[in-house]
Amino acid sequence: MTGADPNTSWLDGCVVLDNKGFIKTGSELFTEDLNAVAWPLARQPYLLETSLPGVFAVGDVRGGSIKRVASSVGEGSIVISFIHQVLQG
């Protein structure tokens, strides 16, 4: 059951967490979440981006993740393209 209980308490106040302590990313970040942290960009967060612009979360720590190693690896590879977009922006 590795990953079933997130170790994210140290991130509270840094990025938005759900009620179970998993990191909210992308479309899981609602308007209220973004307003509460004063999201500074005109665009919405990218697919795996946290409430902190340019910071991404993948794998078991992310809310809504599948909790499988292969999925985590895939998410990590997807994030590379978003990091390139952030750096070009």
(request) Count, please, the residues in the range 47-89 that happen to be basic (Lys, Arg) and touching an Asp or Glu at 6+ places or on another chain (Cβ under 7 Å). (result) 1
(request) Might you check whether a residue that is within 18 Å of Glu75 (Cα to Cα), assigned to a helix (DSSP H, G or I) and without any contact (Cβ under 8 Å) to a residue 24 or more places away in the chain occurs anywhere in the range 10-20? (result) no
(request) Go through the range 1-60 and count every residue that is polar (S, T, N, Q) and more than 20 Å from Gly89 (Cβ to Cβ). (result) 7
(request) Scan the range 21-53 for residues that are of a type in the set (S, T, N, Q) and closer than 18 Å to Glu75 by Cα and jot them down. (result) Thr25, Ser27, Thr50, Ser51
(request) Restricting attention to the range 47-57, report how many residues are hydrophobic (A, V, I, L, M, F, W, C), touching a strand residue (DSSP E or B) at 6+ places or on another chain (Cβ under 8 Å) and part of a loop (DSSP other than H, G, I, E, B). (result) 4
(message) I need the full set of residues from the range 42-57 which are open to solvent by 30 Å² or more (accessible area, probe 1.4 Å), at negative phi and touching a helix residue (DSSP H, G or I) at 6+ places or on another chain (Cβ under 6 Å), in order please.
(response) Tyr46, Leu47, Phe56
(message) For the range 58-74, check the following and say yes or no: at least one residue is assigned to a loop (DSSP other than H, G, I, E, B), at positive phi and either of a type in the set (A, V, I, L, M, F, W, C) or at pLDDT below 95 (or both).
(response) yes
(message) Quick test for you: out of Gly13, Gly63, Gly21, pick the one residue that is out of contact with any Ser or Thr (no Cβ under 6 Å at 6 or more places or on another chain) and surrounded by 12 or more Cβ atoms within 10 Å (Cβ to Cβ).
(response) Gly63
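The values are calculated or read from the model by the stated rules, or taken from the named source; none is laboratory data. Here the structure is a predicted model, which means the values were calculated and not measured. Quick reminder, even Gly has a Cβ in these numbers, built from the backbone with ideal geometry, and neighbours come from all protein chains shown. To get the accessible areas, we keep the full protein, side chains included, count just its heavy atoms, and leave off ligands, DNA and RNA. Shrake-Rupley method; radii C 1.70, N 1.55, O 1.52, S 1.80 Å.
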